[in-house]
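The values are calculated or read from the model by the stated rules, or taken from the named source; none is laboratory data. Predicted, not measured: the structure shown is a model, and the values here were computed from it. Neighbour counts are summed over all protein chains in view; Cβ atoms, including those assigned to glycine, are modelled from backbone coordinates with ideal geometry.
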Amino acid sequence: MPLLLLSRLGWRNLWRYRRRNLMLFTAIMVAVAGCVLISALIRGYQYDMMDDAIDNLTGNLKVLAPGYRADPSIARGFRVPPAFAPDVPPAELVGWTERVRVPAVVISERETRGVTLIGIDPAEERAISFLGSVAIRGDALAGPDDGRILLGRELARQLDTDVGRRIVVMTQGADGRNREAGFRVAGLYDAAGTAIEKAYAFTGIRPFQALLGTDAVTEISVRLRDDEFGPHADAELRKDLSGLEVLDWRTLEPQAAAMFQLADAAILIWFVVLLLALAFGLVNTLITAVLERVREFGMLRALGMRRGAIVAQVVIESVLIVLAGLAVGIAVGLALVAYFSAGIDLSRWAAGIELAGMRNKLVPHLMWHDVAAVGSLAVALGLFASAYPAWRAVRIEPLDALRR
Amino acid sequence: MPSDAALLPAPRVRRATGIGLIGSIAWRNVWRNRQRTWLSIGGIAFAVMLILAARSAQISTMAAMLDNATRLLTGHVQVQNVAYADEPSLRHAVTDATAVARAVAAAPHVTAVAQRAIAFALVSVGDRSYGAEVFGIDAAAERSISSLPDMVVEGRWLSEPTDAVLGSLMARNLGAKVGDEVVVLGSGLDGGVAALSLTVAGIVETGTAELDRALIDVPLATFQDAFGLGDRAHVIVARVDDFMNVDAAVPGIERAVAPIASDLAVLSWRKLLPELVQTVELKGVTSGVMFALIAFLVTFSVFNTFMMTVFERTREFGMLLAIGMRGGGIVGMLQIEAAWLALLGAGLGVALATLLIGWLGRTGIPLGEVAGEMLRRYHMPDRVYPRIDAVALFGVPLLMLCATQLAALIPSLRVRALTPVAALRVGA
Amino acid sequence: MSNVVVCRGLSRVYTSNAVPVHALQDVDFDVAEGDFVSLSGPSGSGKSTLLNLIGALDRPTAGRVTVDGVDLATLSDPQLADLRLTKIGFVFQAYNLVPVLSARENVEFIMQLQGIHASERRERALEILHALGIGELAERRPGELSGGQQQRVAVARAVVTRPALLLADEPSANLDSKTTETLLELLRRINLERGVTIVTATHDPIVIRYARRSVQLKDGRIVADARTAAANA
């Protein structure tokens, strides 16, 4: 029987059992909307992980000298070829910078603390890392020649120092001997987590290099517009800078990378679970729906319609409901994602999330292939849940069916 | 209106309202359509089993993670000077540390106690120096408190007064090996220089880079001498018999130390590892939302099915109303039917969850594949042995019972609104 | 002899559709105690409506119904339910019995609602089933009974509480003529032997033949009301 005719029959039959189909539709809609929202939330969390790792001075890619990761001192620095720039198309490149990053001891009048002191070019830095978005009390560093120091707010509190005061920094120079110098505190930055504020201090890269007695850097960090471009950029960098390691954020921040991967599995699991929860009610309803129409099917078969055509009609009806529920469910899910697009404020439930170094806003991130996954799963469920009972119903002989 | 003679008053009827009557009919009604009933029970069982098992595994995993994390360094409970948490400086110490430690050891639930003195100092080997947090510890006591002594990868744990134990990355950065001389230079309590000349006795590796890079342990007595601390320490670390008893132990410890000093704070791991607390709470909230969604879907399925069932039996209800049953009686019967579904479903779900968790509890969930790198960072053990969470065991079925009762109420109340005539006419 | 049922000026209008339906218009109707009355007429004549009003299943738009001396208008819904329980027995065209109860349990059910003790219930249920010739079907469920057997169980249930009135709405509609005869024979017996007043709405000529008074309705009014041949037999 032609598909179009079956579809038309199916469509009209949907309206026969309005109440029941409406309930089916609602259940499917709720499940689908839930799946969409959950996938968006988990993806949001997942991409936050990635962004945090990248923001956290990692960048999408980093160039390091071999051995630096195990022993992060200036002795493991490298010289950058003059006029070097990463061979990445401007459309893909957000920015890049060179840094000198070494462990140091910061001594105030009252206290002593260990930090990681980073010599930076402030303008380049702002474009590619979290420094671009922090609030600063006092001054930001003026340029790569600024010899002052920028401290985290929490660190300054622990050191009992403030903007404009002097502190002493002790670190190991390129020759292996300790260097000591006084720095004036330019400003205090307020980052997303106190862990960062306690860990990092910043100063202009050139005077820092002078202090250390070298013109080497310890790292080059590259920020891309789309992480997907990473492997290309990686290849280019390796070509230009032989002898150095090129690492992506996944290698540098393996915990974040692990959580990133877990998210994919988590989403799939939740989809299956939610749709299973839906399945029980769906199957129940569809079985009842089909059994009710045994007489009708008997009549159709007596008239000469083939078994397969009846089954096809029933399946088409179910698929139509599923598609309707899917469409509206996705729309509702999208609406919810849009509603929460400013971010869900997590601090209400877990006060002090800042201490964990996590953002306290979860911004949902919808990916279309997740939506497609939900759609396929739902349609598959509808197909299976309706085909089986329909097949059972048409196996009865027409006369028996009519007599019921 | 014309009045007839002797209009008699309405008859009074002694009614049987017993559950027994309605209950037995309800039970039989549940099994009228086996397939439908089993599907409904299946759905409820699925939800209950999933939520119960997931929650139990989650709680067990979290507990294991927290236990591990606290084992490493912070311990279950710490006694500190009140000012130390905000400003961890040398002078914010616990005076009469030995007495305090003894008092803590005597408190209920406490199984082990150790003192630690902490200062920031410069650590040098040869001409290489690093800033580090130096811990003066009681080597023997630490064995019962911390897992650090088990993480020695080279050499041995502290035993001699001039021993020092370094973190693996610290040792590498300093180029230090077992047997090398290490000098610690810091600022003493009186403001003078505190200097220690020690020998590297062993190297530990925790797997957490931040710790391995900054860790150095020296004997407590040596430390106190060099820094002029006398009988002072910065934290008194206590271990409790069971991780779940920590919150109960804190008041006992507070009472024990109160007579000795008034400037002490008793902090449990919740305050010491706030980022872990937040992670746990957040995970609890997000999974709570997911579970709620599952429960809702299953309840909606039950509601759906119930609506269908009620609709199909409308004529039957009309008949019951006609022969004199009250609307409320029919509602009661339907609610009982729904309750049976919930009880059977929840019962099955609990049984399945218990089996699953019981089996997993013996073999353990291997986290290695799943967590990989996260093991180290989040202090997770290799395998987790989940236990059933008692609260969830009762809470989840109860929740499903209430949810299904509510779900059945809506169709039931529609029955209540029926008039016998309307009901009898349905489908005619 | 008193009247079990007294109706005055009874009207019932249904307004559920756009056009109001005057199912019953200003009907006066009495039923004497112990009588066997049939209400007949084409569909839409109002016979079922009249039966429902007498049976306290529905309320009139206008007029008054008195059953066994009680003015139905004075009763609340729960009180109407009590009345139906104790004073009126029903037999419908179909769906008479609770599907999950056996024949005996169905008959006992109505006594359970009245709070009658278990031993008495059981005795009376079995007694009535035997008296109506279906004692051996006592433990069967409706699904295991034929249409005619189900109807007879329904009659048993309807009379076991000794009601003042037995109302039957199209009791033979689903039965063949032989089974109908058996059923009506049963009704006649309980009418004569136990003095149960019977009113039945029907279009089945067999049923009308067994009744002793035939009332015909058309368009909501009574158009004929006469004793039948059975009355004189």
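Can you find a residue that is surrounded by 20 or more Cβ atoms within 10 Å (Cβ to Cβ) and under 37 Å from the mean Cα position of the chain (by Cα) anywhere in region B:173-188? So far as region B:173-188 goes, no, none of its residues is surrounded by 20 or more Cβ atoms within 10 Å (Cβ to Cβ) and under 37 Å from the mean Cα position of the chain (by Cα). Does region C:21-28 contain any residue that is among the hydrophobic types (A, V, I, L, M, F, W, C) and in a loop (DSSP other than H, G, I, E, B)? Scanning region C:21-28, I find no residue that is among the hydrophobic types (A, V, I, L, M, F, W, C) and in a loop (DSSP other than H, G, I, E, B), so the answer is no.
Among the residues of region B:271-280, just one is within 11 Å of chain A (Cβ to nearest Cβ) and at pLDDT 80 or above, namely B:K271.
Close Cβ contacts (under 6 Å, 6 or more residues apart or on different chains) running from residues in region B:310-333 that are closer than 18 Å to C:G55 by Cβ to residues that are among the hydroxyl-bearing types (S, T, Y) comprise B:R315/C:Y95; B:E316/C:Y95; B:M319/C:Y95. Scanning region C:122-136 for residues that are more than 17 Å from C:I110 (Cβ to Cβ) and touching a helix residue (DSSP H, G or I) at 6+ places or on another chain (Cβ under 8 Å) yields C:G133, C:G135. Does B:R32 satisfy being in the same structural domain as B:R383 (by TED's automatic domain parsing) and in a helix (DSSP H, G or I)? Considered against the rule, which asks whether it is in the same structural domain as B:R383 (by TED's automatic domain parsing) and in a helix (DSSP H, G or I), B:R32 comes out as no. The residue that is nearest to A:A257 (Cα to Cα), among those in region A:13-61 that are in contact with a helix residue (DSSP H, G or I) (Cβ under 6 Å, 6 or more places away or on another chain) and of a type in the set (S, T, N, Q), is A:Q46.
Listed here are the residues, each with its yes/no results for (1) closer than 20 Å to A:A104 by Cα; (2) in contact with a helix residue (DSSP H, G or I) (Cβ under 6 Å, 6 or more places away or on another chain).
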position: B:A114; (1), (2): no, yes
position: B:D138; (1), (2): no, yes
position: B:P161; (1), (2): no, yes
position: B:L166; (1), (2): yes, no
position: B:I203; (1), (2): no, yes
position: B:T206; (1), (2): no, yes
position: B:A221; (1), (2): no, no
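With the checklist (1) within 14 Å of another protein chain (Cβ to nearest Cβ); (2) touching a Ser or Thr at 6+ places or on another chain (Cβ under 6 Å); (3) not hydrophobic (A, V, I, L, M, F, W, C) in hand, flag the one item A:Y17 doesn't pass. So A:Y17 meets the others, but not (2). Scanning region A:160-178 for residues that are assigned to a strand (DSSP E or B) and touching a helix residue (DSSP H, G or I) at 6+ places or on another chain (Cβ under 6 Å) gives no hits. Would you mind stating whether B:R156 is away from chain A (no Cβ under 14 Å), surrounded by fewer than 19 Cβ atoms within 10 Å (Cβ to Cβ) and farther than 27 Å from B:A99 by Cα? Here the answer is yes, as B:R156 does meet what is asked.
From the list C:L192, C:L187, the one residue that fits, being buried (at least 21 other Cβ atoms within 10 Å of the Cβ) and within 19 Å of the chain's Cα centre (by Cα), is C:L187. For region A:7-26, how many residues meet the condition of being aromatic (F, W, Y) and over 41 Å from the mean Cα position of the chain (by Cα)? Qualifying residue count, region A:7-26: 2.
Does A:R110 satisfy the criteria of being touching a strand residue (DSSP E or B) at 6+ places or on another chain (Cβ under 9 Å), within 14 Å of another protein chain (Cβ to nearest Cβ) and over 30 Å from A:L323 (Cα atoms)? If you could, list the steps in order and put the result at the bottom.
On the way: touching a strand residue (DSSP E or B) at 6+ places or on another chain (Cβ under 9 Å): no; within 14 Å of another protein chain (Cβ to nearest Cβ): yes; over 30 Å from A:L323 (Cα atoms): yes.
No: the conditions fail for A:R110.
The number of residues in region B:305-344 that are touching a Ser or Thr at 6+ places or on another chain (Cβ under 8 Å) and polar (S, T, N, Q) comes to 2. Inspection of region A:187-194 finds a residue satisfying the criterion of being in contact (Cβ under 8 Å) with a residue 24 or more places away in the chain, in a helix (DSSP H, G or I) and among the β-branched types (V, I, T).
Any chance region B:41-59 includes a residue that's touching a strand residue (DSSP E or B) at 6+ places or on another chain (Cβ under 7 Å) and either of a type in the set (S, T, N, Q) or within 30 Å of A:E109 (Cβ to Cβ) (or both)? No, every residue in region B:41-59 fails to be touching a strand residue (DSSP E or B) at 6+ places or on another chain (Cβ under 7 Å) and either of a type in the set (S, T, N, Q) or within 30 Å of A:E109 (Cβ to Cβ) (or both). Please determine whether any residue of region C:74-96 is assigned to a helix (DSSP H, G or I), out of contact with any Asp or Glu (no Cβ under 6 Å at 6 or more places or on another chain), at pLDDT 90 or above and farther than 18 Å from C:T202 by Cβ. Checked against the condition, which is being assigned to a helix (DSSP H, G or I), out of contact with any Asp or Glu (no Cβ under 6 Å at 6 or more places or on another chain), at pLDDT 90 or above and farther than 18 Å from C:T202 by Cβ, region C:74-96 yields at least one hit.
For region B:23-48, what are the residues that are facing another protein chain (nearest Cβ under 7 Å) and either in contact (Cβ under 8 Å) with a residue 60 or more places away in the chain or surrounded by 21 or more Cβ atoms within 10 Å (Cβ to Cβ) (or both)? Across region B:23-48, the qualifying residues are B:I25, B:N29, B:R36, B:L39, B:S40, B:G42, B:G43, B:F46, B:A47.
In region A:42-61 there is at least one residue that is under 14 Å from the mean Cα position of the chain (by Cα), at the interface with chain B (Cβ under 9 Å from one of its Cβ atoms) and either free of Cβ contacts under 8 Å to residues at least 24 places away in the same chain or part of a helix (DSSP H, G or I) (or both).
Residue by residue through region B:62-104, note down the ones that are buried (at least 20 other Cβ atoms within 10 Å of the Cβ) and in a loop (DSSP other than H, G, I, E, B). Answer for region B:62-104, where residues must be buried (at least 20 other Cβ atoms within 10 Å of the Cβ) and in a loop (DSSP other than H, G, I, E, B): B:G75, B:H76, B:Y84, B:S89, B:L90, B:A93.
Selection of region B:217-248 for residues being among the β-branched types (V, I, T) and crowded, with 24+ Cβ neighbours inside 10 Å yields B:V218, B:V235, B:I236, B:V237, B:V240. Across region A:260-287, the qualifying residues are those that are aliphatic (A, V, I, L, M) and at the interface with chain B (Cβ under 7 Å from one of its Cβ atoms), and the one among them that is surrounded by the fewest Cβ atoms within 10 Å (Cβ to Cβ) is A:L276.
Only a single criterion out of (1) closer than 23 Å to B:A265 by Cα; (2) in a strand (DSSP E or B); (3) out of contact with any helix residue (DSSP H, G or I) (no Cβ under 8 Å at 6 or more places or on another chain) is not satisfied by B:A249, namely (2).
Let's see how each residue does on (1) on the phi < 0 side of the Ramachandran plot; (2) crowded, with 18+ Cβ neighbours inside 10 Å; (3) more than 8 Å from every other protein chain (Cβ to nearest Cβ):
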| residue | (1), (2), (3) |
| --- | --- |
| B:V250 | yes, yes, yes |
| B:E254 | yes, no, yes |
| B:P259 | yes, no, yes |
| B:L282 | yes, yes, no |
| B:L293 | yes, yes, no |
| B:G328 | yes, no, yes |
| B:I336 | yes, yes, yes |
| B:W340 | yes, yes, yes |
| B:G349 | yes, yes, yes |
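Of the residues C:V65, C:V37, the single one that is more than 13 Å from chain B (Cβ to nearest Cβ), closer than 22 Å to C:S214 by Cβ and either part of a helix (DSSP H, G or I) or in contact (Cβ under 8 Å) with a residue 12 or more places away in the chain (or both) is C:V37.
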